[in-house]
Amino acid sequence: MQKTTSANTASMSVSENETLIELKNINKWFGGFHALKDVSLKVSKGERIVLCGPSGSGKSTLIRCINHLEAIKDGTITVAGKEMKHDAKSIDSVRREVGMVFQSFNLFPHLKIIDNCSLALRRVKRLQREEAEVIARRYLDRVHILEQADKYPAQLSGGQQQRVAIARALCMEPKVMLFDEPTSALDPEMVKEVLDTMIGLAEDGMTMICVTHEMGFARKVANRVLFMADGQILEESAPDEFFSNPKHERTKAFLGEILAHN
Amino acid sequence: MDAFGLPEIFFLLQGLKWTVLLTIISFIGGGVIGLLIALARVSSSSVIQRLAAAYIALFQGTPLLMQLFIIYYGLALLQFNVDAWIAVSFAYTAHASAFLGDIWRGTIQSLPRGQTEASNALSLGYVSRMRDIILPQALKISLPATIGFAVQLTKGTSLAAIVGFIELARAGQIVSNLIFQPLLVFGIVGIIYFVICWPMSIWGTRMERRMSQNHA
Ligand SMILES: Nc1ncnc2c1ncn2[C@@H]1O[C@H](COP(=O)(O)OP(=O)(O)OP(=O)(O)O)[C@@H](O)[C@H]1O
Ligand SMILES: [Mg+2]
């Protein structure tokens, strides 16, 4: 399925009109610290957003607000048509649409890989163990790690663990996946296997928001790159434009640093 | 009746039976209530948190002997005509629940936040998060400390003698008063405690060592 015209997968279908995530003027405070300042963002179905910016700019906070790992002070968050309020029911209904992958994997160390993946299917979707395991195996196979199903997380390499974490989130069949620096805790030789998995997801049409500094991934997969600084989205554009023609001084400085390191 | 013979041994073993029973009852009762206390202590409601903290502080901050007196005489004052047995089980259950609750609170809070966050991200509910994710890990980590407390509890039941509960230590005192051989009798009583507590201590220490190796 090699595309000759474009190195980017942006030609993959994005239905421009169907909005999956909408953040309207959200504000987040940590005590007296204003971590997100009036941030708005619209993500359409099938979009792949890469979020980058200096440390402490609020990238993690932003995506963690989307599934209410952090509570916002004001503004609105709507996911798949459901507005998230502060009540448990609306939080839960949004969380069911959203999968998340963490920097430090956060697998359940006392559960086998298969149980890591099937637990929520059984407890949340109330499937029988057998049904849940069929689904879990399907997604473990998809991230090419099915043969590890009966091991415990500690017996796997970092890259394998992160792929399990991706499979675990996929099992719930979310409409959107959030990634918070999924490769930055990995040894360099394991980064590729995780990025390849994410690229595969993008090719299958998954809506994704990825906090990452993997600029190769951004070029290849993103259809928009957002640059954050001081709790605000300073700049957003298509990857080619973003890398070749950054507008904001802060973006230029940031890219200069990142590219010097890569 | 001045020799240490079979009747005396049986009397001591009778006391031992009550010691073991009291320990088991207060450990189980204390475990159940202690679990609730631990969960209350890490609850999202600050009122519940503070109530649990106060409960723990109350029982950890006062001597067990006072607790025994207060519950024993308190129940009597409230016109509950209970025998020593019930009063003592009550007091030790409360005592154990505060200590176990605090041990388990500590290990629950020592788990990485990521475990809770991953559970939330998967939209696991409170019950599943606790039962499937948090408690299995926390209770496993707390096992050495929990066993250590069980040893303390076993020995601590000897205080119940003070309100007339005839457990092992009190049985020893009675026998020794009868046959005037305190060193012999209390020596034997000590050995019985030791035979029960020492293996538990070793078990706890082994488990602790094994865990620290796994974490290294
Ligand atoms: N729980 C918290 N309590 C207080 N301050 C916090 C908390 N979480 C984040 N912050 C602060 O909010 C700001 C944004 O943090 P955030 O983790 O979103 O940054 P980031 O862009 O993801 O940075 P990094 O690249 O280092 O991960 C930082 O200044 C951070 O110190
Ligand atoms: Mg971050």
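The values are calculated or read from the model by the stated rules, or taken from the named source; none is laboratory data. All figures in this text were calculated on a predicted structure; none of them were measured in a lab. Please note: Cβ atoms are built from the backbone with ideal geometry, for glycine as well, and neighbour counts cover all protein chains shown. Heads up: the accessible areas ignore ligands, DNA and RNA and are worked out on the full protein's heavy atoms, side chains in. Shrake-Rupley method; radii C 1.70, N 1.55, O 1.52, S 1.80 Å.
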Size descriptor, Kirkwood hydrodynamic radius, that averages inverse alpha-carbon separations across chain A, Å: 19.0 Å
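Dividing the Cα convex hull volume of the range A:155-238 by residue count, how many Å³ per residue is that?
110 Å³
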Among A:ASP115, A:ASP240, A:ASP187, residue whose mean-square fluctuation peaks in a GNM of chain A (springs only between Cα atoms under 10 Å): A:ASP187
Residue of A:GLY46, A:GLY31, A:GLY75 that the Gaussian network model of chain A assigns the largest fluctuation, springs spanning Cα pairs under 10 Å: A:GLY31
24 Å Cα-Cα reach of B:LYS17 towards lysines, excluding residues that sit fewer than 8 places from it in its own chain: B:LYS155
For the range A:6-141, accessible area per residue (1.4 Å probe, heavy atoms of protein chains only), Å²: 44 Å²
Those residues of the range A:67-89 for which accessible area with every protein chain present is at least 30 Å² below the isolated value (1.4 Å probe): A:LEU69
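I'd like to check one number: the per residue accessible area of the range B:159-202, probe 1.4 Å, reported in Å² as a whole number.
Value for the range B:159-202: 52 Å² per residue.
What are the semi-axes of the equivalent ellipsoid of the range A:194-262, taken as the square roots of 5 times the eigenvalues of the Cα gyration tensor, listed largest first and rounded to whole Å?
Its equivalent ellipsoid spans semi-axes of 22, 13, 11 Å.
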Rounded to 10°, Cα long-axis angle of helix A:129-142 versus longest principal axis of chain A: 50 degrees
Stretch gain in nm, segment B:VAL195-B:LYS155, where the contour uses 0.36 nm per residue and the Cα spacing is subtracted: 13.2 nm
Among B:GLY156, B:GLY34, B:GLY114: highest mean-square fluctuation, GNM of chain B, C-alpha pairs under 10 Å: B:GLY114
Positive-pole candidate from B:LEU35, B:ALA87, B:LEU51, dipole of the protein assembly as shown, charges at beta carbon: B:ALA87
P(r), alpha carbons of the protein assembly as shown - 20 Å bins starting at zero, rounded %: 20, 41, 24, 13, 3, 0
Alpha carbon centroid spacing (whole Å) that separates the range A:105-161 from the range B:40-86: 44 Å
Gyration tensor verdict on chain B (Cα atoms; rounded if a/c is under 1.5, prolate if a/b is larger than b/c, oblate otherwise): oblate
Lysines whose Cα lies under 26 Å from that of A:LYS73, excluding same-chain neighbours fewer than 8 positions away: A:LYS24, A:LYS28, A:LYS37, A:LYS42, A:LYS59, A:LYS82, A:LYS85, A:LYS89, A:LYS175
FRET E, pair B:LEU58, B:ILE28, Förster distance 22 Å, beta-carbon r, rounded to 0.05: 0.55
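At 20 °C and 1.002 mPa s, grab the translational diffusion coefficient of the range A:97-171 from Stokes-Einstein with a Kirkwood Rh over Cα pairs, rounded to a whole number in µm² per second.
Estimated diffusion coefficient is 180 µm²/s.
Give me the summed buried accessible area for the B-A pair, 1.4 Å probe, to the nearest 100 Å².
1600 Å²
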18 Å reach of a label modelled at B:SER110, 7 Å along Cα-to-Cβ, counting backbone N of the range B:171-200: none
